[in-house]
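Report on one structure; see the data block that follows.
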Amino acid sequence: MKQPFKAWLAGAWAVFEKDLRLELRSRYAVGMLLMFVPASILLILFATGQEPLSPRIQSGLLWIVILFAASIGLGRSFVSEEDRGTVLLLRLHTRASMVYAGKLLFNFFLILVLEAVAVFTMILLLNIEVAHSGLLASTILLGSLGLAGATTLLAALIARAATRGPLLPVLLFPLLVPLLMSVVAGTRHAFEGGFGWGASGEALTTLAAFAGVVITAAVLLFDFVWND
Amino acid sequence: MATPGKTYKRLRNIVLAWLTLVVLGGFLLDIPRINILEHTARNLYFHVPMWFTMMAAFFVSAWHSARYLSSRDRVRDVRALEAARVGAVFGILGLATGIVWARFTWYVGQGIWWNFDPKQTMAAVQLLIYGAYFTLRASVEEPEKRARIAAVYNLFAAACVPFLLYVLPRQMESLHPGAEGNPAFSDITHPIMRVVFYAAVIGFIGLFWVLYTQRVRLAALNERADDIPEP
């Protein structure tokens, strides 16, 4: 333990690498997300028909699809540990904050994949022209950080509860109202054009602050969920 | 804690007498007639204190959740749960009085029940969080684990909710005093109304305290009854 911080980073990275390797073997979460997102966007397309949608509705629909996909796909990150009986092993070898950091990184990575698919499909199928791609990218990055932070803690909570399936959306959605409003505002500005960075500064700072608060609170509270 | 002491009973009676006076004063004292509002202005005495009470309940609940995690004392968990329950009732009443008030003054003839007012939206979100909290509790069997998990969720929600205070008013218009274009609360209130209003705030928070302590007592008695072996 010469360099505690380095050891901590190595532990967190090991958890991330383990999850990534397991995911590459089974391809369960990625496969599910890759199917869920295009399927729901196609449903939107069938439901709205030829009607042109305003940027506000486009960005709202995009983020609702992303939130639902995240709440379904990421709920498994801790349940799988309980199912395989690997919780004790992880608890023995790593500290709680390392597990949280590793899982957070993995979930962040999954959300980025999901969002890339969602945005690409949406732009292609709904003929959206992105006026400000830098703004879109930074909104998505900051938004997914907050989303991953909240989902990771709540997924750990769900894994401890008896009924695991549909509880995550119920717990997650009320907490994400501020995040949803800010990402939709940022995405709308990116789709509409005519807005510079200044107009969306408020949304971006809110997203950064939200991610910071959520991740700090989650790190503090994760100990109580993880250790008995 | 199961048998209430003399001070508790006295305080409880004071709260009940106080609230009776507030209700009488709220309906009988003369108030200035304001255009549109007219006599519905009396709803100020009931609608607004519900919000104050819900916020107080929210803080009490979060405080006991935090204390539970540091002490693992089961009473703390019961207190957090009962504060949330009573707070949710006040939240529903506040939402209901607000919706009816807006419907029959500002939106009369328009048939609008739900408008996207920031405070209304925030109350709805808070009620959803209470609902999620109760659902989460129902899904865990083991009492110790249930208490711990519920406390974590309660505190996590308490960290997320304040963002609404910042985000919502920037994206929505408001009917409430102090919002853009609306006069601040202090400009529109008659001195008599103010006295009754502040008394009502204290009275309803007192009512919350009575209901909350009674429910905690009931939970303690139930627990004790469970411990008595069947004859």
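Calculate the FRET efficiency for B:Asp73 and A:Val213 from the Cβ-Cβ distance with a Förster distance of 22 Å, rounded to the nearest 0.05.
So the FRET efficiency works out to roughly 0.20.
Cα atoms only, chain B: Rg and Dmax in Å?
Every Cα atom of chain B included, Rg and Dmax give 20.1, 69 Å.
May I ask you to derive the relative contact order of the range B:63-159, considering only C-alpha pairs under 8 Å and at least 6 residues apart, and to give it as an integer percent? The partial results should precede the final answer.
Values: 53 pairs, mean separation 35.4, N = 97.
After rounding, I find 37 percent.
Among A:Val15, A:Val170, A:Val30, whose mean-square fluctuation peaks in a Gaussian network model of chain A (Cα, cutoff 10 Å)?
It is A:Val170.
Within the range A:83-109, whose backbone N sits under 14 Å from a point 7 Å along Cα→Cβ of A:Asn227?
Backbone N within reach: A:91-100.
Accessible area drop of at least 20 Å² (1.4 Å probe, protein heavy atoms): which residues of the range B:140-154 qualify, relative to the chain alone?
So the qualifying set is B:Lys145, B:Arg148, B:Ile149, B:Val152, B:Tyr153.
Assuming 0.36 nm per residue, please report the length gained on full extension of the stretch B:Val100 to B:Arg10 beyond their Cα-Cα distance.
On the way: separation 90, 0.36 × 90 = 32.40 nm, distance 3.55 nm.
Net length gain for the segment: 28.8 nm.
Per residue, how much accessible area does the range A:136-188 show when a 1.4 Å probe rolls over the protein heavy atoms, in square angstrom?
Values: 1150 Å² over 53 residues.
About 22 Å² of surface per residue is accessible.
Please report Rg (one decimal) and Dmax (integer) in Å for the Cα set of the range B:73-156.
Looking at the range B:73-156, its Cα Rg and Dmax stand at 16.5, 54 Å.
Please report, in Å, the Rg and the Dmax of the protein assembly as shown, where both are computed over Cα atoms only.
Cα-based Rg and Dmax for the protein assembly as shown come out at 25.1, 79 Å.
What share of all Cα pairs of the range A:4-226, in percent, falls into each consecutive 10 Å distance bin?
Per 10 Å bin, starting at zero, the Cα-Cα P(r) for the range A:4-226 comes out as 8, 33, 34, 19, 6, 1 percent.
As an exercise, use a Förster radius of 22 Å and the Cβ-Cβ distance of A:Glu129 and B:Trp114 to find the FRET efficiency, rounded to the nearest 0.05.
Values: r = 34 Å, r/R0 = 1.53.
Calculated value: 0.05.
Under a point spin-label approximation (7 Å from Cα along Cα-to-Cβ), what is the B:Glu223-B:Glu38 distance to one decimal in nm?
5.3
Identify the GluC sites (Glu not before Pro) of the range A:101-194 meeting these criteria: DSSP loop state and at most 11 other C-beta atoms within 10 Å of the C-beta.
Answer by residue number: A:Glu129.
In whole percent, what relative contact order does the range B:42-221 give with Cα contacts below 8 Å and a gap of six or more residues?
Numbers: 157 pairs, mean separation 60.9, N = 180.
Result for the range B:42-221 is 34 percent.
So what does the Cα-only Debye profile of the range A:1-121 read at q = 0.10, 0.11, 0.14, 0.19 Å⁻¹, as log10 I(q)/I(0), no solvent term?
Each listed q maps to, in turn, -0.41, -0.48, -0.68, -1.00.
Compute for chains B and A the buried accessible surface, both sides summed, probe 1.4 Å, and express it in Å² to the nearest 100.
Working: alone 13590 and 11640 Å², together 22550 Å².
Separately minus together, B and A give about 2700 Å² buried.
With all protein chains present, how much of the accessible area of chain B (probe radius 1.4 Å) comes from carbon and sulfur, to the nearest whole percent? Please list the in-between numbers first.
Values: 8020 of 12230 Å².
That fraction is 66 percent.
Simple spin-label model, 7 Å along Cα-to-Cβ: B:Glu230 to A:Leu89 in nm?
Once both label points are built, they end up 4.5 nm from each other.
Starting from the exponent 0.38 and prefactor 2.2 Å, build the expected Rg for the range B:1-79 from its residue count and divide its actual Cα Rg by it.
Working: Rg = 18.6 Å, N = 79, 2.2 N^0.38 = 11.6 Å.
Dividing the Cα radius of gyration by 2.2 N^0.38 Å gives 1.60.
So, R0 is 60 Å and r is the distance between the beta-carbons of A:Ala137 and B:Leu28; what FRET efficiency does that work out to, to 0.05? The partial results should precede the final answer.
Numbers: r = 62 Å, r/R0 = 1.04.
It comes out at approximately 0.45.
The values are calculated or read from the model by the stated rules, or taken from the named source; none is laboratory data. Here the structure is a predicted model, which is why all the values come from computation and not from measurement. Cβ coordinates were reconstructed from backbone atoms using ideal geometry, including for glycine residues, and neighbour counts include every protein chain displayed. Accessible surface is based on the protein model in full, side chains and every heavy atom, while ligands, DNA and RNA are left aside. Shrake-Rupley method; radii C 1.70, N 1.55, O 1.52, S 1.80 Å.
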